[in-house]
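The values are calculated or read from the model by the stated rules, or taken from the named source; none is laboratory data. Treat the numbers as computed from the prediction; the structure is a model and nothing was measured. All Cβ positions, even for glycine, are placed from backbone atoms using ideal geometry, and neighbour counts span all protein chains on display.
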């Protein structure tokens, strides 16, 4: 309990100062509203989600909480695990690496229509660097494209690629976050670590899911860090 008080004490002082600075209203209090959002998210599934929220609160306690490397790392891991769970990221069982579904299609020998749909999904996800006409965006949106169709086509033509089904993404998020954050963070023991899906086989055979994911995370963190420097 003392450890929690030490870690969150600076955050509580930051909340008080922010509240006073904005005239005792929370409408424009970025940190306070983020804390409330984390608190709401932390009650969604299991006890390990609360522990994930506790990590996020520790980051908010830092002076540069919106741009610090720890925040970039945590947000990147959460996004990547969600993409794996939604099959936007696949695994190459031969090379033991992660493969971005849409980038794989754009770089590969696929039809122009598949490439356009891949661009559509990338743009919808917020990637402004993707070039696609307004006409194509409207046409594809009207046809209600299903990502599952892209996945089926890719898996059929590249059998070494595979999806990794995840039961509760929170377990894998927390496990990978604990792996990448340093000892300065107070990490409460995971209750359901055995439920993680992104693990390496104990006998060394088969797809190295955790190793592949950590490598992918490290590369993505570096790219995301450069965007905010």
Do we have any residue at all in the range 104-117 that's buried (at least 16 other Cβ atoms within 10 Å of the Cβ) and under 17 Å from the mean Cα position of the chain (by Cα)? no
Conditions (1) assigned to a helix (DSSP H, G or I); (2) without any contact (Cβ under 8 Å) to a residue 12 or more places away in the chain; (3) over 19 Å from residue 74 (Cα atoms): number failed by residue 130: (1)
Within the range 142-186, can you find the residues that are free of Cβ contacts under 8 Å to residues at least 40 places away in the same chain, under 19 Å from residue 125 (Cβ atoms) and surrounded by 16 or more Cβ atoms within 10 Å (Cβ to Cβ)? 145
Close pairs (6 angstrom Cβ cut-off, 6 or more residues apart or separate chains): at positive phi and in a loop (DSSP other than H, G, I, E, B) in the range 24-38, surrounded by fewer than 16 Cβ atoms within 10 Å (Cβ to Cβ) and modelled with pLDDT under 75 anywhere: none
When you go through 194, 139 one by one, which is the residue that is part of a helix (DSSP H, G or I), without any contact (Cβ under 8 Å) to a residue 12 or more places away in the chain and either under 30 Å from residue 54 (Cβ atoms) or touching a helix residue (DSSP H, G or I) at 6+ places or on another chain (Cβ under 7 Å) (or both)? 194
List every residue pair whose Cβ atoms lie under 7 Å apart, where the two residues are 6 or more positions apart in sequence or sit on different chains, the first residue falls within the range 203-229 and is closer than 15 Å to residue 177 by Cα, and the second residue, located anywhere, is modelled with pLDDT of 85 or more and surrounded by fewer than 15 Cβ atoms within 10 Å (Cβ to Cβ). 214/179
Out of the residues in the range 39-63 that are under 17 Å from residue 8 (Cβ atoms) and either part of a loop (DSSP other than H, G, I, E, B) or in contact with a strand residue (DSSP E or B) (Cβ under 9 Å, 6 or more places away or on another chain) (or both), state the one that is modelled with the lowest pLDDT. 42
